[in-house]
Amino acid sequence: MRRVYVKEQVCIGCHLCEVYCQLQHAQSKDLIKAFKRESPRPLSRITIEERGSVSFSIRCQQCEEAPCVQACITGALNQDSDSGVVNVDEERCVGCWTCLLVCPFGAIRQDKEKNKTVRCDLCQGEDIPACVANCPNEALVYVEV
């Protein structure tokens, strides 16, 4: 299984990982259209936290025994047995936010317009997640665990 990790000592808090995550999940895949014309605007699955000179990314850690999957009352969250990636079935998600409450990392986001949960999916179908591929300081790394 591969996971994204942050090297806090080199993260400069530029937020480009957030931008490229949004672009990856946009319908148009065009930077200008995604941010200026798409409605609803795509949401980033990663968030940058900054405290003084320290900045780091917060995203789903794809926990081995994911508490969000266990807490999901509708079964909308499931974990792929091969990759370990936690996926959301948007058809089954009712926006109860139970998963958000139990996530120990605070990595789950709310799509309030759709009333659905949004989380990192490691850019399924891509070799490298967009946040990692576009980090200018290589603060995000995608490694085998």
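Before moving on, here are some points about what is shown:
- Calculated [θ] (222 nm, deg cm²/dmol) that DSSP helices of n ≥ 4 give over the chain, each run adding -39,500 (n - 2.57): -4500 deg cm²/dmol
- Prolate/oblate/rounded call for segment 61-145, Cα gyration tensor, a/c under 1.5 rounded: prolate
- Options [x] 15.8; [y] 16.6; [z] 15.4 - which one matches Kirkwood radius over Cα pairs in Å as calculated here: [x]
- Unit charges on C-beta of K, R, D, E only; dipole of segment 8-47, Debye: 260 debye
- Residue among Gly52, Gly125, Gly75 with the largest mean-square fluctuation in a Gaussian network model of the chain, springs linking Cα atoms under 10 Å: Gly52
- Cα-centre dipole for the chain with unit charges at Cβ (Lys and Arg positive, Asp and Glu negative), debye to 20: 560 debye
- Anisotropy class assigned to segment 68-107 is oblate, per the alpha carbon gyration tensor with a/c at or over the 1.5 cut-off and a/b no larger than b/c.
- Of the residues Arg92, Arg51, Arg59, the one that moves most in a GNM of the chain with alpha-carbon contacts below 10 Å is Arg51.
- The 3J(HN,Hα) values that the Karplus relation (6.51, -1.76, 1.60; θ = phi - 60°) gives for segment 57-73 are, in residue order, 8, 10, 8, 4, 8, 6, 3, 4, 10, 5, x, 5, 5, 5, 8, 4, 6 Hz. Gly and Pro appear as x.
- Springs join every pair of Cα atoms under 10 Å in this Gaussian network model of the chain, and among Cys93, Cys21, Cys131 the largest mean-square fluctuation is at Cys93.
- Nearest-0.05 FRET efficiency for Ser39 and Asp80, computed from C-beta distance (R0 35 Å): 0.70
- Amide H within-cut-off set for Ile58, under 5 Å, with H built and near neighbours excluded: Thr47, Ile48, Glu49
Read-outs throughout are calculated quantities, based only on the coordinates presented, and are distinct from any laboratory measurement. The model shown is predicted, which means the values in this text are computed figures rather than measured ones. Counting neighbours? That spans all protein chains shown, and the Cβs are built from the backbone with ideal geometry, glycine included.
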